Amino acid sequence: MTPFILGVNYWPQRKAMSWWSDFDAEEVRTDFALIRSLGMGVVRIFLLWDDWQTTPDTVSQDCLRHLAATCDAAAEQGLTLDITFFTGHMSGPNWSPGWLLDRDAPHLEPGRLVSGGKIVDSGYRNMYTDAVALDAQRLLLRTVVGAFKNHAGVGMWNLGNEPDLFAIAPDQRTGNGWVREMTALIKSIDPVHPVTCGLHSASLLTSDALRVDQTFAAVDVAVMHSYPMYIEWSRAPLDPDFVPFTCALTTALCGKPTLMEEFGGATIGKGKAPETWHWTPYGIPRSNYMAGEAEFAEFIRLSLQKLVEVGALGAMLWCFADYDESIHDQPPCAESIHERFFGLIRGDRSLKPHAEVIRDFAATGPVVKAAERKLVLEITADEFYADPARHTERLYKAWIG
């Protein structure tokens, strides 16, 4: 029987996205020991492109040393890493290498673009079509995969974190070609470890150039990132059926069992009642449900149970820790204020109730099972993507009865 994957997405509590430029190996070892104590086996990490390639024809030697220490820390704890390249989009802002910037390219909202650790007012060239960017990507893959393919801490290679939020390929042929080429390059160096690409629920709602069926046909593992609080037609911000539904729909579209690589939510604080926050990040009004810790723990419990029922490969929480107050005035926390509070642990490093839920679930020795509940599409993938938002909402209403 195949163990049901339990894991977490990781940025250090006191560093967030400055991790690679302000690395602390002891911090990583301490965090990984805590993750392992909760029964988790996989940690997803992100190679922030801006730090890893300060020029397009080099790869940071410091970052390579830091990754070696991270892989060592994982192996020491019996963990494996889901290593995500070309990050890219993360927690609200986009983080671009300076050499990719182009002031004539379309600009993001003010405050949403970070480069060199600072907010910049610029656009950037498209990573799927720009020749310099493509060569840089090939170099990064060859360097990292070549250096770490035999390391016991490596579990999976990942082509991106919700890459359509960083850049959209001009057409499906270009997007599919990029996935196939980068996957083939990794496989030519490391034929052993699986490859994936971190798509999210928007990939079920829009017809952008990276479709679920086509992308996951080209890689080894299908994954999904899913948050009911961001979907208007979910039944509630903590709808326990939404996450497993998106797994089932992904599987129905691509024909592969799916790993729920990201799911979770922000909590309001120990002993506090839930509330909805309203504010204006990046000049755009938004709201976000801040869950009570006890109700959020129940959401996680039910979601895990239902993910097993739909035959999911596993579940990975977003994310490891609430961010330390010392970085609340820095990207992404300054504008994306809800991102401060997605952790398994609070700012004082005490466990939230849902961390205990995960530890209890892990103690049962969950395994991947044949789906007790399947979603069967009555239309082709092409027909689905002719109007994906309508079909996804329609299918969900049928799913919940």
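The values are calculated or read from the model by the stated rules, or taken from the named source; none is laboratory data. All of these numbers come straight from a predicted model, not from anything done at the bench. Don't worry about glycine lacking a Cβ; one is built from the backbone with ideal geometry, like all the others, and counts go over all protein chains shown. The accessibility values were calculated without ligands, DNA or RNA, using every heavy atom of the protein model including side chains. Shrake-Rupley method; radii C 1.70, N 1.55, O 1.52, S 1.80 Å.
Structural remarks
- Residue order for 143, 392, 54 - accessible surface, 1.4 angstrom probe, largest first: 54, 143, 392
- Whether the stretch 314-401 is rounded, prolate or oblate, judged on the alpha carbon gyration tensor where a/c under 1.5 counts as rounded: oblate
- Here the Gaussian network model covers the chain, with springs between Cα atoms less than 10 Å apart; of 314, 160, 117, 117 fluctuates the most.
- Lysines with Cα under 17 Å of residue 118, excluding same-chain neighbours fewer than 8 positions away: 15
- Across the stretch 51-184, the relative contact order, built from alpha-carbon pairs under 8 Å that are at least six residues apart, equals 32 percent.
- The stretch 1-135: C-alpha gyration tensor shape, a/c 1.5 cut-off, then a/b vs b/c: prolate
- Rounded, prolate or oblate (a/c below 1.5 giving rounded, otherwise prolate when a/b exceeds b/c) for the stretch 98-187 by Cα gyration tensor: prolate
- Each peptide in 340-352, 217-229, 378-390 receives the mean, over its residues, of other Cβ atoms within 10 Å, and ordering these scores from highest gives 217-229, 340-352, 378-390.
- Inter-centroid distance (Cα atoms) of the stretch 161-210 relative to the stretch 116-131, Å: 19
- Alpha carbon convex hull of the stretch 54-132, volume per residue in cubic angstrom: 115
- Carbon and sulfur %, accessible surface of the stretch 297-401 computed with the full protein complex present, 1.4 Å: 50
- Additional length obtainable on full extension of the chain from residue 21 to residue 147, 0.36 nm per residue less Cα span: 43.4 nm
- For peptides 40-51, 119-130, sequence by mean Cβ density within 10 Å, most packed first: 40-51, 119-130
- Among the DSSP helices (H) of the chain, those spanning at least 15 angstrom by Cα along their long axis with an average Kyte-Doolittle hydropathy of 0.5 or more are 131-148, 242-254; this is a geometric and hydropathy rule only.
- Exceeding the 24 Å Cα-Cα cut-off - candidates 149/352; 256/306; 256/374; 256/369: 149/352
- Per residue accessible area of the chain, 1.4 Å probe, in Å²: 38
- The order of the peptides 366-375, 62-71, 12-21 by mean Cβ neighbours within 10 Å, most packed first, is 12-21, 62-71, 366-375.
- Percentage relative contact order, the stretch 250-401, counting C-alpha pairs under 8 Å, at least six apart: 26
- Part-to-part distance (alpha-carbon centres) for the stretch 46-115 and the stretch 272-329, which is given in Å: 24
- For the chain, share of DSSP beta bridges that run antiparallel, in % to the nearest 5: 30
- Annotation for residue 393 and residue 173: the two label points, set 7 Å from Cα along the Cα-Cβ direction, are 3.3 nm apart.
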